[in-house]
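Okay, structure first, notes after.
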Amino acid sequence: MIWTGGYVLDETFTWKQADVQEQNGKIIAITAPGQLHKAEQEIQDITGKFLIPGLVDIHTHGCIGEDYSDQDPGGLPRMAAYMAEQGITSFCAATITQPAETLEGICRVLGEYIRTQDVRTAQMRGIYLEGPFLSREHRGAHDERFLRNPDLQLFDRLQTASNGQIRIVALAPELSGAQAFALGCCTEVAVAMAHTAIDYDGAVSALKTGRYTGVTHLYNGMPAMSHRSPGPAGAALESSCMLELIADGIHVSPMFVRMTFQLAGRDRIILISDSMRAAGMPDGEYTLGGLMVTVRGRHAQLQDGRLAGSCSNLMECVRQAVSFGIPLEQAVQAATINPASWLGLDEQIGSIGIGKDADLVVLDQDIQVCQVYRQGIPVRAMC
C-alpha cells in the first residue's frame with residue numbers, strides 16, 4: 001500500500017510532504033511525492049491530511065464499559081477494537097489495587113491475552129502494575145484496604161502469572177522496603193514514582209538513584225506543587241526521567257500542560273489517558289477497583305470527590321493538548337515515540353520510519369481520525 005499526497009510526520013517529528021509505502025506490515029519506503037512505483041499497488045490518496053504514527057497509550061484502565069481488572073477475557077478484544085478505531089494502535093493495560101490473589105488472576109488473564117491477541121487490532125504491549133505499592137495519603141482511586149509495602153516475592157508471583165508481561169511498576173519511594181524493591185526489579189521493568197507523599201528532597205534523592213525512570217501521571221497522586229514547596233513534581237521536572245501527563249483538561253490545567261512542555265522539553269513527556277471503563281460511554285455510575293464512580297460530563301469522581309481516572313481516550317488528550325497551545329507534532333510525539341521508547345519498543349513502533357510497523361493514522365485538518373492501520377491492515381476508514 002502507498003499513502004500519497006499527505007503531510008507526513010517523519011522520524012524527527014517534523015512535517016513534510018512525502019509518500020509512504022508499506023509491504024507485509026512494515027514501512028519500506030518514504031520518498032518525495034510521486035517517486036514511488038505505483039503499478040499494482042493499492043493507493044490511498046490523503047491529500048490535505050496528516051499521516052502520523054499510531055498512538056501508544058501506556059496507562060489505561062479500561063473503556064467502553066470494560067476494565068482490564070475484570071478478569072473477563074471477552075472484554076479485552078472489545079477494548080482493543082475501540083482503541084484501534086480511535087487511532088491507538090498499542091497500549092499497556094493498567095491494573096488497580098486489589099488483593100494479591102486477585103492481582104495474580106488479573107495478570108494471568110492479561111498475560112494469556114497478550115500471547116493470543118489478534119494482530120489486526122490495537123496491541124497490548126504489556127501490563128502496568130499500578131498498585132498495591134502506593135501511599136495511603138495520596139492513593140487516589142485505589143482501595144486503601146489493599147495497599148501494602150513493596151514486596152519482591154509478590155512482584156515475582158505476579159510477573160510469573162503474567163508470563164513476564166509486566167512492563168511498568170508504580171511505586172511510592174517513601175514506603176518501607178521501596179529502595180530494595182526498586183533495586184530488585186528495575187533491571188526487569190520500568191519503575192515509576194507514583195501515588196507518593198514524598199517531599200522535594202526525598203524525591204530528588206530517589207530519582208538520583210536512577211532506579212525510577214518515570215513518574216506516574218505527574219501532578220496527580222502527589223503533594224501539590226507550589227513556589228515554596230515544589231514537591232515530587234518539582235523534583236521530577238528537574239530530573240531526566242519520563243513524565244506521564246493526563247491532558248484531558250480535568251486532571252491538569254492547560255497552563256500546567258504548557259508549562260510542563262516548556263520546562264521538561266518534548267522528549268520526556270508521555271501523554272496518557274488514564275482512562276477507566278466510562279471512556280466511550282454515557283454519564284452514569286461505574287466502578288473502578290470495586291469503588292463506585294460517578295461520571296458527569298468528562299468528570300469521573302469517587303463519592304468523596306476524588307478524581308477516579310479519566311473518561312477520555314488518548315487521541316482526545318492529543319486534541320486537548322493542541323487546544324491548550326501545544327503544537328500538534330509535539331503532542332503526537334508525546335503520545336507515540338516517547339512512550340514507545342520508555343517501553344523499549346522504539347525500534348518497532350512509535351514513529352514513521354523504514355523497517356517499523358506500519359501502524360499509521362490519517363487525520364484531517366481538525367485532528368479527527370479518518371483512517372487507522374495496524375501493520376498496514378485497515379481497522380478504520382471513514383474519509
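Side notes on the structure shown:
- Couplings 3J(HN,Hα) of segment 53-64, computed from phi: x, x, 6, 10, 9, 7, 9, 9, 8, x, 5, 6 Hz, in residue order, whole Hz [Karplus 6.51 cos²θ - 1.76 cosθ + 1.60, θ = phi - 60°; x for Gly and Pro].
- Note on segment 1-43: Rg/Rh from Cα positions, Kirkwood definition for Rh, rounded to two decimals, is 0.95.
- Label-point separation in nm, GLN301 to SER176, each point 7 Å along Cα→Cβ: 3.6 nm
- Global size of segment 144-202 as Cα Rg and Dmax, reported in angstrom: 11.7, 37
- Charge tally around SER176: other residues with Cβ under 13 Å, Lys/Arg +1 each, Asp/Glu -1 each, net 0.
- From the Kirkwood radius over Cα pairs of segment 88-225, Stokes-Einstein at 25 °C and 0.890 mPa s returns a whole-number translational diffusion coefficient of 162 µm²/s.
- Distant-in-sequence amide contacts of GLN123, defined by a placed amide H-H separation under 5 Å and a gap of 5 or more residues or a different chain, comprise SER90, PHE91.
- Residues of segment 291-383: accessible area per residue with a 1.4 Å probe, Å²: 36 Å²
- Cα centroid separation, segment 136-172 to segment 1-69 (Å): 36 Å
- With the alpha-carbon atoms of the chain aligned to their principal axes, the span from lowest to highest coordinate is 64, 45, 41 Å, starting with the largest.
- Difference of contour (0.36 nm per residue) and Cα-Cα distance, GLN71 to GLN23: 13.7 nm
- Karplus 3J(HN,Hα) series, Hz, for segment 80-88 with 6.51 cos²θ - 1.76 cosθ + 1.60 (x for Gly, Pro): 4, 5, 4, 5, 4, 5, 8, x, 9
- Given +1 at the Cβ of Lys and Arg, -1 at the Cβ of Asp and Glu and no other charges, the dipole of the chain around its Cα centre is 340 debye to the nearest 20.
- Evaluated at q = 0.12, 0.16, 0.22, 0.25 Å⁻¹, the base-10 log of the normalised Debye intensity for segment 28-121, with identical point scatterers placed on the Cα atoms, takes the values -0.53, -0.74, -1.12, -1.36.
- Stretchable slack from THR47 to MET1, in nm (0.36 nm times residue separation minus alpha-carbon distance): 15.0 nm
- Under the Debye formula (equal points on every Cα, no solvent term), log10 I(q)/I(0) of segment 298-369 at q = 0.16, 0.20, 0.22 Å⁻¹: -0.70, -0.94, -1.03
- Per residue, the chain reaches -7500 deg cm²/dmol at 222 nm when only DSSP H runs of four or more residues are counted, each adding -39500 (n - 2.57).
- Once the chain from ARG120 to TRP15 is taken as fully extended at 0.36 nm per residue, the excess over their C-alpha distance is 35.1 nm.
- Backbone HN-Hα couplings from phi across segment 311-323 [Karplus 6.51/-1.76/1.60, Hz, Gly and Pro as x]: 10, 9, 9, 5, 5, 5, 5, 4, 4, 4, 4, 5, 5
- Sulfur and carbon atoms: percent of accessible area, segment 164-221 [1.4 Å]: 48 percent
- A Förster distance of 22 Å, applied to the separation of the beta-carbon atoms of LYS208 and ASP151, puts the FRET efficiency at 0.35.
- Note on segment 267-320: along the principal axes its Cα atoms extend 37, 21, 16 Å, ordered by decreasing extent.
The values are calculated or read from the model by the stated rules, or taken from the named source; none is laboratory data. Worth saying up front: this structure is predicted, and the values here are computed from it rather than measured. Here the Cβ is made from the backbone with ideal geometry for all residues, glycine too, and neighbour counts use every protein chain on show. Accessible surface is based on the protein model in full, side chains and every heavy atom, while ligands, DNA and RNA are left aside. Shrake-Rupley method; radii C 1.70, N 1.55, O 1.52, S 1.80 Å.
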